[in-house]
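The values are calculated or read from the model by the stated rules, or taken from the named source; none is laboratory data. Treat the numbers as computed from the prediction; the structure is a model and nothing was measured. Here Cβ is always computed from backbone atoms with ideal geometry, including for glycine, and neighbour counts include all displayed protein chains.
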Amino acid sequence: MLTGIWNSVAGYVIIEIKGKGLERFLNLAVHSGIEIWRVRRTGVATITARVSVEGFYALRTLVRGQNVHVCILEKRGLIMRLSRLRFRKVLLYGWAIVLALLVAASRRIWFIEVEGCDTVREAEVLAALDTMEVRIGSRRNAVPTSQLGGELMASDPRIAWAGARLDGVTLRVSLQEAEAIPQLPSGGQKTPVSIYAAKDGVITSITVYDGKAKVHVGDAVLAGQELITGVLRSDETHTLLTQARGEVMATVLYRFQATVGPTITKPVETGETRICARIGLFGWEFLSSGFAAEDAWENAREEPTFQYALTNCFLPFTAERIRLYELAERETSATQDELAQAALRKAERVMSETLSENARILSKESGTVWLEDGALQASILVTTEENIGEIKEIKEPHGEQD
């Protein structure tokens with residue numbers, strides 16, 4: 001069924017073949033990869049058949065020296081019908097009106113996409129935009145994208161940064177939410193705490209909300225060292241304690257390593273192939289045939305054998321025929337480049353699992369080293385800037401508390 005739809009969209013021709021060597025000519029066409037269907041004999045030396053437009057032009061090169069004659073009886077398909085519209089003025093005017101309506105519609109916003117939402121809900125952002133007269137259907141040239149970010153930040157203190165840009169008929173809004181001041185659990189009585197270094201680093205900035213700073217910008221600190229103390233005053237008789245709150249940013253150095261080889265597991269072609277078809281409309285996949293959900297074919301290698309695209313009209317669509325090559329994961333030898341890429345990918349995974357979400361990467365260097373057993377070791381050296389503060393309860397006695 002989908003094959004018939006494919007042919008109806010891409011277009012095909014009904015041909016008549018006359019001559020003495022009909023069977024030999026058909027075998028030669030099939031052997032050359034030309035798809036011919038509905039072959040019918042209409043006479044002793046005459047047959048009719050259907051062939052794609054691309055296949056018809058390929059047949060013309062095979063006719064020479066075969067003692068046969070090929071002629072077109074009828075042209076069919078959506079492409080063929082569209083090509084005839086240039087002779088029908090009323091239809092052309094209709095197409096022109098539709099095109100004008102599409103041009104007019106393209107001057108308005110029809111989609112709004114918001115990214116970066118966490119505590120701030122997307123509905124709240126859309127409501128804020130609505131108060132600014134920015135909504136679906138608004139004219140594109142009436143939307144001040146350069147000012148939207150500032151107005152969104154002013155409308156909600158949870159938004160630290162916001163930006164907007166137009167992408168066709170889509171307004172894309174990006175947010176970055178503000179980091180909340182650390183809130184400590186409190187009951188009937190506050191538990192005094194201090195902030196300590198969770199890892200080694202060099203201080204780049206320190207912001208104290210409560211307590212006293214024990215280090216300065218530029219100081220190198222070790223894991224476990226006190227950064228912001230909750231001890232405000234301490235002498236032999238009296239101690240004043242509080243819950244230290246603050247943010248201590250520092251540069252931290254990491255080294256991530258991963259080893260692979262001398263063999264790796266990678267997808268290898270099994271020799272099995274499959275022919276598939278796919279039709280796209282407005283940039284989305286509209287119909288498909290031959291694709292399967294099995295694991296063996298899910299990541300199969302695709303090789304287009306026929307492609308057609310009609311983009312210069314109000315109904316843009318694409319059609320393609322694809323050959324899939326089945327892939328299977330197998331242990332096999334690898335080249336130096338494949339080993340290096342696999343080792344670096346493994347080290348990258350270790351890095352992504354280790355780094356905290358608030359870490360900002362300042363620099364990253366990578367390298368590889370061959371080992372004696374033929375394996376390859378990749379190393380990634382990363383310098384980050386992140387909050388290294390860790391809250392701990394004050395347990396040491398400091399005399400009588402005020």
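Just give me the residues in region 111-135 being among the hydrophobic types (A, V, I, L, M, F, W, C), surrounded by 14 or more Cβ atoms within 10 Å (Cβ to Cβ) and at pLDDT 85 or above, in sequence order.
Ile112, Val114, Val125, Leu126, Ala128, Leu129, Met132, Val134
Here are the criteria: (1) within 30 Å of Phe256 (Cβ to Cβ); (2) at pLDDT 80 or above. Tell me which single one Ser333 does not satisfy.
So the condition that Ser333 fails would be (2).
Considering only residues that are among the small types (Gly, Ala, Ser), loosely packed, with under 13 Cβ neighbours inside 10 Å and in a strand (DSSP E or B), which ones fall in region 361-376?
The initial filter retains those residues of region 361-376 that are among the small types (Gly, Ala, Ser), namely 363, 366-367, 374-375.
Right, trim to loosely packed, with under 13 Cβ neighbours inside 10 Å and you get 363, 367, 374.
Scanning region 361-376 gives Ser363, Gly367.
So in region 164-196, with the set limited to residues that are at pLDDT below 65 and of a type in the set (Gly, Ala, Ser), which one is farthest from Val114 (Cα to Cα)?
Of all residues in region 164-196, those at pLDDT below 65 come to 179-189.
Right, trim to of a type in the set (Gly, Ala, Ser) and you get 180, 186-188.
On the way: Ala180: 21, Ser186: 35, Gly187: 38, Gly188: 41 Å.
Of everything passing the filter in region 164-196, Gly188 is farthest from Val114 (Cα to Cα).
Name the single residue that is nearest to the chain's Cα centre (by Cα) among those in region 128-138 being assigned to a helix (DSSP H, G or I) and more than 15 Å from Ser174 (Cα to Cα). Before you say what the answer is, go through the steps one by one.
Initially, region 128-138 is screened for residues assigned to a helix (DSSP H, G or I), giving 128-131.
Subsequent filtering for residues that are more than 15 Å from Ser174 (Cα to Cα) retains 130-131.
On the way: Asp130: 29, Thr131: 32 Å.
Among them, the one singled out is Asp130.
Looking at Val248, is it modelled with pLDDT of 85 or more and either in contact with a strand residue (DSSP E or B) (Cβ under 7 Å, 6 or more places away or on another chain) or surrounded by fewer than 14 Cβ atoms within 10 Å (Cβ to Cβ) (or both)?
yes
Please state which one of Ile203, Ile195, Ile228 is without any contact (Cβ under 8 Å) to a residue 60 or more places away in the chain, touching a strand residue (DSSP E or B) at 6+ places or on another chain (Cβ under 7 Å) and buried (at least 20 other Cβ atoms within 10 Å of the Cβ). Please lay out each step first, then the result.
Numbers: Ile195 fails: without any contact (Cβ under 8 Å) to a residue 60 or more places away in the chain; Ile228 fails: without any contact (Cβ under 8 Å) to a residue 60 or more places away in the chain.
Checking each option against the conditions leaves just Ile203.
Is it fair to say Met153 is surrounded by 14 or more Cβ atoms within 10 Å (Cβ to Cβ), hydrophobic (A, V, I, L, M, F, W, C) and without any contact (Cβ under 8 Å) to a residue 12 or more places away in the chain?
Numbers: surrounded by 14 or more Cβ atoms within 10 Å (Cβ to Cβ): yes; hydrophobic (A, V, I, L, M, F, W, C): yes; without any contact (Cβ under 8 Å) to a residue 12 or more places away in the chain: yes.
Taking the combined requirement at face value, the residue satisfies it.
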